[in-house]
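Notes follow the structure.
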């Protein structure tokens, strides 16, 4: 029906004066339209590849795998050192009020780490959206303010991890 409708829009362009057969002309229009539809559908299918179709390949790619726990360093050790650095850093004179609020919230989260992540003890993944929601609730800061204030604490964290890995 779609092809027939398209043909009806092109029928007025047929010129019998050119002494061509109408059947051949209309057949060519229909064939070209259908080929165009097939190409359009193939492009659409290629754009919408299902995750299930490629997930096996993605899960086996070494650059797509991450590990939270390193064999050399335990997460408890990182958390203890991070808490110590966090408390020391919150006493510095050049720290903003937002960073202090976030530091206190992070201290609370990492102090109660075992209770908070109890359900995820079988795997090392956690939902960062839940953590961000909790930080917003604890500090009354916007997501943007949290992300900006978090830069200070990320530097501390990466410094601690690099030291422990050496």
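The values are calculated or read from the model by the stated rules, or taken from the named source; none is laboratory data. The structure presented is a predicted model; accordingly, all values stated were derived computationally and were not measured. In this analysis, Cβ positions are derived from the backbone assuming ideal geometry, glycine residues included, and neighbour counts consider all displayed protein chains.
Annotations for the structure displayed:
- On the stretch given as the stretch 137-166, residues that are modelled with pLDDT of 85 or more, closer than 23 Å to residue 88 by Cβ and not in a helix (DSSP H, G or I) total 1.
- Top-ranked residue of the stretch 117-136 - restricted to ones that are at pLDDT below 65 and either part of a helix (DSSP H, G or I) or in contact with a strand residue (DSSP E or B) (Cβ under 7 Å, 6 or more places away or on another chain) (or both), ranked as farthest from residue 153 (Cα to Cα): 119
- Counted residues, the stretch 1-27 - those being exposed (fewer than 10 other Cβ atoms within 10 Å of the Cβ) and in contact (Cβ under 8 Å) with a residue 12 or more places away in the chain: 1
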